[in-house]
Amino acid sequence: MRHGVYVREVPTSVLPPATASASLPVVFGTAPVNLSKRDKAPVNEPILCYSYSEAVEALGYSDDWKSYTLCEFMYSHFQLFQQGPIVFINVLDPTEHKIDVAESEIPLAKGVAKINQSGVLVTSLVVKLAVAGQPLEKGKDYAAAFDEDGNVIINRISGGAIPDSQTSLTVSFTKLEPSKVIAKDIIGGVDVTTGQLTGLELVQQVFPRFRLLPGLLLAPGWSQDPVVGAVMKAKSTNINGHFRCMALLDIPTDTIKKYTDAPAWKEQNNYTAETQAVCYPKLKLGDHIFHQSTQLAGVICQVDQKNEGVPYESPSNKSYQANSAVLDDGTEVLLGLDQANYLNGQGIVSPLNFTGGWKCWGNRTAAYPAVTDPVKSFIPVRRMFDWIGNSLILTFWQKVDDPANKRLVQTVIDSVNIWLNGLQAAGYILGGRVEFVKSENPVTDLMNGTLRFHVFVTPASPAEEIQFLLEYDPSYLGGLFA
């Protein structure tokens, strides 16, 4: 028997949205992991970093960007654009990509010696007084540490086996060899024995590890390889079997030296997907040369941050951190507005110095001009559709396996419509709605537990062309007689 007053909770009829991260860069490449402060060098492991110091501590840093490609992105994104976080995935493995350096003599002055080579694996260092001598003991006879440039400094320890009068030491060691990293390492795969993921396959681990969705896929220094580009395209359209993002790629500037040759290279190598943004040429700031995709990611993240993370605004006509456009060898490329518009018309993002300094110039995905559907051809519209779709998945995952009844249908309709109305009120979309259409939900599908909701949404296209019509009006001549 029940006697009294009781309370029973019912599920909330409207769900707040779980919005997806739109611009989290996931960057693949090589890093000087011999400088890592971690106990174990991070190899084929997603590393989430919110600051430059955090990234340097985890992965090391070197100004040799051609050898260590992740350092370019680290410097650009954190230092120049002041953006974060970033997920880094280093594929340079000290156990594989290495070479042994034979014994050689280095000078010792005032108890200090220096190995003028980068990439030294300190654990492999062998120090002797002479070629035929016995190895000295680290921590007792000498101390070894890296300087700011990544070179190893050997310091004599007083009371050890190195005499005050010693003027040289014999050293041998193993060092990283970044040139042994090939495109296959970036592409990666799945170990059939252990099931371990490597390379681009690791994009599948980002969300399970960090609860953050990849927004941009990059591999500066590698994305100009057509096979790498193809795999990046495949990964961007199917992350964890549900999510989508954009891949930022570069056209090579060592072989493609004329801007007029870039569109043909793009077509021949199948850089034509709606989820790809393709860049040409490179950028230069001071002594540093950047892949344009690196700085495009910085611009995209800056624009998204300004808009509360909603990717509705184009990165085009926003400032790069550069003072020239260059080829791989540093040769300057001067693109006027006509030349930059030609590249834009072929679905290529270019830099332009027209008014207000160097800017990103181009709204179109790589699918343009073959595809003119605004969802597939405009970068901000494509990103908005990805962001809305990803957000819907995250929001309503909690409703999977609930009873497929009227309450569930109404909850989805009300929740989505309220969210879309909010986006419209904020100016992020022109309008949107969701409907549960009878013709799209046959009885057999409903019996089988499949429900389809039709979402109509219209993000604003970028104002790519603004025209003013000028006309001479003779009626104003009457003002001469007023």
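The values are calculated or read from the model by the stated rules, or taken from the named source; none is laboratory data. Note that the structure is a prediction, hence the values are computed from the model and not measured. For neighbour counting, all protein chains shown are included, and Cβ atoms are generated from backbone atoms with ideal geometry for every residue, glycine included.
Looking at the stretch 394-440 only, could you name the residues that are hydrophobic (A, V, I, L, M, F, W, C), surrounded by 17 or more Cβ atoms within 10 Å (Cβ to Cβ) and in a helix (DSSP H, G or I)? 394, 396, 412, 416, 419, 420, 423 - these are the residues of the stretch 394-440 that are hydrophobic (A, V, I, L, M, F, W, C), surrounded by 17 or more Cβ atoms within 10 Å (Cβ to Cβ) and in a helix (DSSP H, G or I). In this structure, residue 93 does not qualify as surrounded by fewer than 15 Cβ atoms within 10 Å (Cβ to Cβ) and in contact (Cβ under 8 Å) with a residue 24 or more places away in the chain. Number of residues in the stretch 114-157 that are surrounded by fewer than 13 Cβ atoms within 10 Å (Cβ to Cβ) and modelled with pLDDT of 90 or more: the value is 7. So, residue 127, is that one touching a strand residue (DSSP E or B) at 6+ places or on another chain (Cβ under 7 Å), part of a strand (DSSP E or B) and within 24 Å of residue 216 (Cα to Cα) or not? No; evaluated as a whole, the condition is false for this residue.
Taken as a whole, the structure leaves residue 389 outside the set of residues that are buried (at least 20 other Cβ atoms within 10 Å of the Cβ), touching a Lys or Arg at 6+ places or on another chain (Cβ under 7 Å) and not hydrophobic (A, V, I, L, M, F, W, C). Residue 84 meets all of the listed conditions (1) more than 22 Å from residue 200 (Cα to Cα); (2) modelled with pLDDT under 95; (3) surrounded by fewer than 22 Cβ atoms within 10 Å (Cβ to Cβ) but one, namely (1).
Residues of the stretch 20-41 that are assigned to a loop (DSSP other than H, G, I, E, B) and crowded, with 18+ Cβ neighbours inside 10 Å: 20, 21, 22, 23, 24, 30, 31, 32, 36, 41.
Looking only at residues of the stretch 55-75 that are surrounded by fewer than 24 Cβ atoms within 10 Å (Cβ to Cβ) and over 21 Å from residue 180 (Cβ atoms), we find that the one that is farthest from the chain's Cα centre (by Cα) is 57. Of all residues in the stretch 24-60, those being hydroxyl-bearing (Ser, Thr, Tyr) and either touching a Ser or Thr at 6+ places or on another chain (Cβ under 9 Å) or not assigned by TED's automatic domain parsing to the domain that holds residue 299 (or both) number 1. Selection of first residues in the stretch 356-372 that are without any contact (Cβ under 8 Å) to a residue 40 or more places away in the chain and under 15 Å from residue 263 (Cβ atoms) and of second residues that are crowded, with 24+ Cβ neighbours inside 10 Å and not small (Gly, Ala, Ser), restricted to Cβ pairs under 7 Å at least 6 apart or on distinct chains, gives the following pairs, ordered by first then second residue: 364/378; 364/379. Inspection of the stretch 319-330 finds a residue satisfying the criterion of being crowded, with 23+ Cβ neighbours inside 10 Å and not small (Gly, Ala, Ser). In the stretch 331-346, the condition of being of a type in the set (S, T, N, Q), closer than 21 Å to residue 384 by Cβ and surrounded by 15 or more Cβ atoms within 10 Å (Cβ to Cβ) is met by at least one residue.
When the criteria are applied in full, residue 220 meets the requirement of being assigned to a loop (DSSP other than H, G, I, E, B), in contact (Cβ under 8 Å) with a residue 12 or more places away in the chain and within 16 Å of the chain's Cα centre (by Cα).
Among strands (runs of 3 or more DSSP E) entirely within the stretch 262-301, having at least 1 residues that are surrounded by fewer than 24 Cβ atoms within 10 Å (Cβ to Cβ) and either among the β-branched types (Val, Ile, Thr) or free of Cβ contacts under 8 Å to residues at least 40 places away in the same chain (or both) singles out 288-290. Within the stretch 441-460, count every residue that is surrounded by 11 or more Cβ atoms within 10 Å (Cβ to Cβ) and assigned to a loop (DSSP other than H, G, I, E, B). Residues that pass the stated criteria total 8. Scanning the stretch 355-393 for residues that are over 22 Å from residue 429 (Cβ atoms), outside any loop (DSSP other than H, G, I, E, B) and either at pLDDT below 95 or out of contact with any strand residue (DSSP E or B) (no Cβ under 6 Å at 6 or more places or on another chain) (or both) yields a single hit, 360.
Restricting attention to the stretch 170-191, the residues that are exposed (fewer than 13 other Cβ atoms within 10 Å of the Cβ) and in contact (Cβ under 8 Å) with a residue 24 or more places away in the chain add up to 1.
For the stretch 213-238, the tally of residues that are farther than 22 Å from residue 75 by Cα and out of contact with any Cys (no Cβ under 9 Å at 6 or more places or on another chain) stands at 11. Criterion first (assigned to a loop (DSSP other than H, G, I, E, B), outside the structural domain of residue 66 (by TED's automatic domain parsing), under 30 Å from residue 224 (Cβ atoms) and polar (S, T, N, Q)) does residue 158 satisfy it? Spelling it out, it is not the case that residue 158 is assigned to a loop (DSSP other than H, G, I, E, B), outside the structural domain of residue 66 (by TED's automatic domain parsing), under 30 Å from residue 224 (Cβ atoms) and polar (S, T, N, Q).
Residue 167 fulfils the conditions (1) surrounded by 15 or more Cβ atoms within 10 Å (Cβ to Cβ); (2) touching a Leu at 6+ places or on another chain (Cβ under 9 Å) except for a single criterion, (1).
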